[in-house]
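Okay, structure first, notes after.
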Amino acid sequence: MPVKTSKALLTVLGVPEKPEINGLKKPTQEGDKITLTCKTSGSKPAADIRWFKNDKEIKGVKEVNASGKTFTVKSTLELQADRNDDGATVICRVDHEALSSTPQLATQVLEIHYAPIAEIIPSVKHPQEGQILKLICDFKANPMPDPVLWTKDDGELPDLDRMTVSGRELTISLLNKTDNGTYRCEAANRIGKSIGEYTLFVHAAISAWSIVTCAITSAAATSTTLKDPSALSDQTGPDHAVIGGVVAVVVFVTLCLIIVLGRYLARHKGTYLTNEAKGAEDAPDADTAIINAEGNQANAEEKKEYFI
């Protein structure tokens, strides 16, 4: 019998070694240039290297060198140190057909040092007399700054009994017009410093009567608009929406009047006014006192007592 033969081509894959990231200095100051290299060897065919920063792919420069029957692959990545990259994770990923679906990874976490940028945030948008106001010195920095320094109008805080500092916060109790001025907070670390400014203007307290007056004015303006046919002709919404708004204003005015009247009655509860007869202090008896009283019967209406 004749001999039969067959041939097969055998390809041996070289598994790449675990990659390493070199060139990272910790910490790195903001604005400095960062050059990272990722290297893997022993791959056949040449492996592919990809860079990621917080799961977002970024481009590097790849270099392939042959050593015998295997390849050494190196990739270089250049970054500009930025405060937004502080704490970001840089990943070097090696893909190769011998690794199936599990690529090899090398990771490094960036540490960026940067100066603070301070900003003052008030707890109340329109502070009024008698209120409590908190000013928060908001900033981000690495390393963390020294204790925050608070000043007013380029000087020390004037009233330490009402102005207290706790960490980043300045609390001012019982606001009044003397607290008006420019407040500054200074945050500093070894990289630099920053000053945040806030100009305080204390508004006069709004009384309940002012609220009622404003509500009555709004109701009157709404009523005038409803009486004007030309104003109604420009409206695109249904009439019941306008009527609902008027009813809401009227209810609000009524409630305000009830509150003001209740406070007034509570304040004067149990008091009354009298118009006592004058000139009867020296009378020997009651009859003479009535006769000598000013106004006598002609002013009898003035002797009535009024209860509220």
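In table form, for the structure just shown:
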{"item": "Among the candidates Leu77, Leu24, residue that is in contact with a Gly (Cβ under 8 Å, 6 or more places away or on another chain) and modelled with pLDDT of 90 or more", "result": "Leu77"}
{"item": "Long-range neighbours under 7 Å by Cβ, at least six apart or interchain, first residue outside any loop (DSSP other than H, G, I, E, B) within region 153-182, second of a type in the set (D, E, K, R) and open to solvent by 30 Å² or more (accessible area, probe 1.4 Å)", "result": "Glu169/Lys134; Thr171/Lys134; Ile172/Arg162; Gly181/Asp153; Thr182/Asp153; Thr182/Glu197"}
{"item": "Yes/no for Trp150 being in contact with a Gly (Cβ under 6 Å, 6 or more places away or on another chain), surrounded by 14 or more Cβ atoms within 10 Å (Cβ to Cβ), of a type in the set (Phe, Trp, Tyr) and on the phi < 0 side of the Ramachandran plot", "result": "no"}
{"item": "Residue check, Ala98 under 30 Å from Gly14 (Cβ atoms) and either in contact (Cβ under 8 Å) with a residue 12 or more places away in the chain or of a type in the set (Asp, Glu) (or both)", "result": "yes"}
{"item": "Residue list for region 68-82, restricted to those being open to solvent by less than 60 Å² (accessible area, probe 1.4 Å) and not acidic (Asp, Glu)", "result": "Thr70, Thr72, Val73, Ser75, Thr76, Leu77, Leu79, Ala81"}
{"item": "Cβ-Cβ under 6 Å pairs, at least 6 apart or on other chains, region 1-15 side on the phi < 0 side of the Ramachandran plot, far side assigned to a loop (DSSP other than H, G, I, E, B) and surrounded by 10 or more Cβ atoms within 10 Å (Cβ to Cβ)", "result": "none"}
{"item": "Residue within region 63-78 that is in a strand (DSSP E or B), free of Cβ contacts under 8 Å to residues at least 40 places away in the same chain and among the hydrophobic types (A, V, I, L, M, F, W, C) present", "result": "yes"}
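The values are calculated or read from the model by the stated rules, or taken from the named source; none is laboratory data. Note that the structure is a prediction, hence the values are computed from the model and not measured. With ideal geometry, Cβ positions are generated from the backbone for all residues, glycine too; neighbour counts draw on all protein chains shown. Quick note on the areas: whole protein, heavy atoms, side chains included, nothing else; ligands and nucleic acids left out. Shrake-Rupley method; radii C 1.70, N 1.55, O 1.52, S 1.80 Å.
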